[in-house]
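The values are calculated or read from the model by the stated rules, or taken from the named source; none is laboratory data. Since this is a predicted model, take the numbers as computed values, not measurements. Here the Cβ is made from the backbone with ideal geometry for all residues, glycine too, and neighbour counts use every protein chain on show. For accessibility, only protein heavy atoms count, side chains too; no ligands or nucleic acids. Shrake-Rupley method; radii C 1.70, N 1.55, O 1.52, S 1.80 Å.
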Amino acid sequence: MSGTKRARIISLQQGHLDGLCGVYSIINATRCVIGSLSDEDAKKLFLQIVKYLQERKNGLDFFVDGITIKDIGCTLRDVVEQEFPIVRSKPLAKKAGLPLDEFWDHMTDFLAVPNHAIILGLTGKYDHWTVVKSITNKRLSLMDSDRLYWLNKSSVTTGEPNKNYAHGLPPTMAYYLSSKENSD
């Protein structure tokens, strides 16, 4: 094969062809809030969510296209809260344009209580749902289906991502979850 160049083929990974990060974020947040969820129970919840979304979305396109913040809220209400002692809220639903420091402080106060988690939509470098399990003054610690372990505050914005801030964290795309036993 001299003289012939072969194209480098990169293997596909989970997430390249599917849009299941929202489903995984619901399950990971549930694990954070209730303290433990066996693999068997996680699989059962996964199937319940997939069946629910298939009916809600009238098909399986969500496997590729992903789900919206509204889908996450309905799934939490209609599936997760029926099985587990979880309380959901969306306290910043009408706070578009909230400065990053205020959003950061709000998340910090919420996550200071045990058995709390935040499902957060990311924009910019990632169009992705993830779970914030803890926070410091400099970084979000994540429980993520795409091996994101943290996001540094210096690389995020609540506005539009740009060359200085690769990641958008819209406060309007955040679900706050707590256990019923430990809710605010």
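A few remarks follow.
Residues checked against (1) open to solvent by 90 Å² or more (accessible area, probe 1.4 Å); (2) outside any helix (DSSP H, G or I); (3) free of Cβ contacts under 8 Å to residues at least 40 places away in the same chain:
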site	(1), (2), (3)
R6	yes, yes, yes
G22	no, no, no
L47	yes, no, yes
Y52	no, no, yes
E55	yes, no, yes
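- Residue list for the stretch 141-172, filter: touching a Ser or Thr at 6+ places or on another chain (Cβ under 8 Å), hydrophobic (A, V, I, L, M, F, W, C) and in contact (Cβ under 8 Å) with a residue 12 or more places away in the chain: L142, M143, L148, A166, L169
- Any hit, the stretch 97-110, residues being in contact with a Leu (Cβ under 8 Å, 6 or more places away or on another chain), surrounded by fewer than 15 Cβ atoms within 10 Å (Cβ to Cβ) and not charged (D, E, K, R): no
- Filtered residue count, the stretch 57-68, keeping only those that are modelled with pLDDT of 95 or more and open to solvent by 40 Å² or more (accessible area, probe 1.4 Å): 1
- Search result, residues across the stretch 114-150 that are among the polar types (S, T, N, Q) and on the phi < 0 side of the Ramachandran plot: T123, T130, S134, T136, N137, S141, S145
- Enumeration of residues in the stretch 69-85 that are open to solvent by less than 70 Å² (accessible area, probe 1.4 Å) and touching a Leu at 6+ places or on another chain (Cβ under 8 Å): D71, T75, L76, V79, V80
- Residue within the stretch 114-127 that is among the aliphatic types (A, V, I, L, M) and more than 14 Å from the chain's Cα centre (by Cα) present: no
- 1 or more residues closer than 21 Å to Y52 by Cα: qualifying strands (runs of 3 or more DSSP E) within the stretch 72-184: 86-89, 116-124, 128-135, 174-179
- Near pairs, Cβ below 7 angstrom, 6+ apart or cross-chain, from the stretch 30-44 (outside any helix (DSSP H, G or I)) to any residue that is of a type in the set (D, E, K, R): L37/R31
- Flag if S183 is at pLDDT 95 or above, closer than 19 Å to G35 by Cβ and open to solvent by 30 Å² or more (accessible area, probe 1.4 Å): no
- Applying the condition of being open to solvent by 60 Å² or more (accessible area, probe 1.4 Å) and not acidic (D, E) to the stretch 34-45 and asking which residue is modelled with the lowest pLDDT yields S36.
- All positions within the stretch 112-139 that are over 25 Å from D18 (Cα atoms), in contact with a Phe, Trp or Tyr (Cβ under 9 Å, 6 or more places away or on another chain) and buried (at least 17 other Cβ atoms within 10 Å of the Cβ): H116, I135
- Criterion violated by R88 - all others in (1) under 16 Å from the mean Cα position of the chain (by Cα); (2) over 22 Å from D41 (Cβ atoms); (3) open to solvent by 40 Å² or more (accessible area, probe 1.4 Å) satisfied: (2)
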